[in-house]
Amino acid sequence: MEQYGAITEEIYQELLAAVGPGGVIMNDSEALDNYAWDQAGRIWGHMPEAVVKPADTAQVSAVMKIASREHIPVTPRGAGSGLNGGAVPLAGGIVLSLERMNRILEIDKINRVAVVEPGVVTNDLCRAAAEEGFLYAGYPMSTETSFIGGNFATNAGGGKVIRYGNTRRHVLGAEAVLPSGEIINLGGRFRKDTWGYSLINLLAGSEGTLAVVTKLIVNLEPKPGKTVNLLACYPTLEELVESVAKVIGSGKRIISCEFMDKNLVKYTTEYLGCTLPEQDRSEGYLLIQVEGDTEAQLEDGYETVGKICLDCGAFEVFVAESRTDSAAMWNVRQNGLEGMRARDPHACASGDLMVPLSSVPEMIRRIKEISAEWNIEIGIISHIGDGNIHPIPLKPADMTPEHWARYAEEFFTALIREAIALGGVGSGEHGVGHVKQKVLMDSKSPAEIELLQGIKRAFDPYNIMNPGKMFSPLD
Ligand SMILES: Cc1cc2nc3c(=O)[nH]c(=O)nc-3n(C[C@H](O)[C@H](O)[C@H](O)COP(=O)(O)OP(=O)(O)OC[C@H]3O[C@@H](n4cnc5c(N)ncnc54)[C@H](O)[C@@H]3O)c2cc1C
């Protein structure tokens, strides 16, 4: 790591002049520690030398010019809700926190877009869009904490992907600051573009390894219809998965199709102090949201879906009759990780397997087999309609946290190899970070890696952007 410059007193003063008083944290280990880790867990953390909090694009540019000149590593950071160590400054240097760039700049009704800074909390954007009669369709389960810039940088998915797609689909335009400090503007307030290579698509999911995203133009959907939530409980996972394909293929407007397994529901309902129906005999639950423009359409939608679930073997299908019922169902889904972490604070959330829907039953079977072989208890949560599965393993009681950090990484690597063998990949939405860097590299052909590393070099010749992540070596 000797190639990188250190932040001397002189550089500290220069950074301070660039972002103003209160914009730089240095020599305060307690304050710096808040930026040393993300929701992957403290065990994967690493301390930065400094945290810099710019308030606008010009300040980001000024910071990047200093970092580029001095070869200081820079790790952009949103809310730190990532689950793979993406925002962890592995090489030290600067954590560039976008938390002060948190304004919704415009809701443009004619072009049906919102223009936002990267530090806007996802749910604040959803609320602002709804107030104007629109829908912002991004819906990660972390919607109340994650930032829109982090959603774009990880190409976040979530609970509405089967209907609306992931964040890449919602972002029409972006302003970004290159490692050199130059500012680029991509896309705009329009919905199609064959105007050269799509750099905006390249930045989506690039996890802060290419540029700092400083502004986004996001698509707003027309006001959605009415929705109803259904909870179906199943005696076996095979029957549950059979219904998923049939529900999605039903021609009804399905917004969400989410899965929770028995173990996860047990620990999460204990944590929340509630129960779900049929808990003692259900192997898993489907939470399905159906939309319709009229009451009749809605009724037809949920009756069809309910019948499919029952025909496939569900014990029961509960239709939420009120907002309170719906909130209770979604509360368990949204708190799945917290529920597992209440059981064991070392529960590991990096698992994000992606397989074709037809391979989901086999993938779940293999997850269970491998967990048993590795002597690991797991809970499973899944955006099952997308084929995206999150196994959440608990640390064996007799294992140290340090050993667990390595063991869990190897366990996930074994699962990722199974997902790849089934025609899938190792992440559907959380990204690579550093936790999955090695297995990512192993999974690509030399020709593809050469191309990808060439792109990285073209953006970032000194490898200062988030070193140690994705295709960036640590030194
Ligand atoms: C309880 C819980 C539930 C979750 N559910 C989901 C889910 O349903 N779907 C899903 O996709 N994810 C989910 N996540 C993961 C996480 O919330 C997402 O990955 C989210 O998009 C991260 O946003 P953030 O602002 O916290 O980014 P951070 O964690 O701060 O950063 C993530 C990555 O983006 C980069 N980055 C951040 N901002 C910028 C920027 N402005 N410019 C360039 N790079 C940047 C960082 O360097 C890092 O590599 C969940 C997490 C938790 C804790």
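The values are calculated or read from the model by the stated rules, or taken from the named source; none is laboratory data. Everything numeric in this text was worked out from a predicted model, so none of it was measured. Methodologically, a virtual Cβ is constructed for each residue, glycine included, from the backbone with ideal geometry; neighbour enumeration extends over all protein chains shown. Heads up: the accessible areas ignore ligands, DNA and RNA and are worked out on the full protein's heavy atoms, side chains in. Shrake-Rupley method; radii C 1.70, N 1.55, O 1.52, S 1.80 Å.
Structure above, values below:
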{"item": "Rounded accessible area per residue of the chain, 1.4 Å, Å²", "result": "42"}
{"item": "Sites Tyr12 and Thr194, calculated FRET efficiency, Cβ-Cβ separation with R0 60 Å, nearest 0.05", "result": "0.85"}
{"item": "The range 344-433: radius of gyration and largest Cα-Cα distance (Dmax), Å", "result": "12.4, 38"}
{"item": "Net length gained if the chain between Ala372 and Asn185 were fully extended (0.36 nm per residue, minus Cα distance)", "result": "62.3 nm"}
{"item": "Relative contact order [Cα under 8 Å, 6+ residues apart], the range 9-100, whole percent", "result": "34"}
{"item": "Fraction of antiparallel bridges per DSSP, the range 9-100 only, in percent to nearest 5", "result": "30"}
{"item": "Degrees separating the helix 446-459 axis from the principal Cα axis of the chain, which is the longest one", "result": "50"}
{"item": "Reference-scaled alpha-carbon Rg (2.2 N^0.38 Å with N residues) for the range 279-414", "result": "1.24"}
{"item": "Average Cα contact separation per residue, the range 409-475, under 8 Å, 6 or more apart, as relative contact order %", "result": "29"}
{"item": "Paramagnetic label zone (point 7 Å from Cα along Cα-to-C-beta, Leu474; backbone N under 15 Å) in the range 371-406", "result": "405-406"}
{"item": "Spatially proximal lysines relative to Lys53 (Cα-Cα < 19 Å; intrachain offsets below 8 disregarded)", "result": "Lys65, Lys215"}
{"item": "Spatial extent of the range 226-335: Rg and Dmax, with the Cα atoms as the point set, Å", "result": "13.1, 38"}
{"item": "Fully extended contour minus Cα-Cα distance, from Ile104 to Glu30, at 0.36 nm per residue", "result": "23.6 nm"}
{"item": "Value of Rg to Rh for the range 9-100 (Rh from inverse mean 1/r over Cα pairs, i.e. Kirkwood)", "result": "0.95"}
{"item": "Under DSSP loop assignment and at most 10 Cβ neighbours within 10 Å, longest chymotrypsin sites (Phe, Trp or Tyr not before Pro)-free interval of the chain", "result": "198-475"}
{"item": "Computed over the range 76-172, Kirkwood Rh from alpha-carbon pairs, angstrom", "result": "13.8"}
{"item": "C-alpha long axis of helix 401-421 to longest principal axis of the chain, angle in °", "result": "70"}
{"item": "Whole-Å semi-axes of the ellipsoid equivalent to the range 170-217 (Cα gyration tensor, √5λ, descending)", "result": "18, 11, 10"}
{"item": "Alpha carbon convex hull of the chain, volume per residue in cubic angstrom", "result": "148"}
{"item": "Accessible surface of the chain [probe 1.4 Å, protein heavy atoms]: carbon and sulfur percent", "result": "51"}
{"item": "Contact order relative to length of the chain, as percent, for alpha carbon pairs under 8 angstrom and 6 or more apart", "result": "16"}
{"item": "Candidates per trypsin sites (Lys or Arg not before Pro) in the range 231-304, loop by DSSP, up to 11 other Cβ within 10 Å", "result": "Arg281"}
{"item": "Under 15 Å from Lys109, Cα to Cα: aspartates and glutamates that are on another chain or at least 8 residues apart", "result": "Glu131, Glu132, Glu221"}
{"item": "Cα long-axis angle, helix 323-334 against the chain (0 to 90 degrees, to the nearest 10)", "result": "60"}
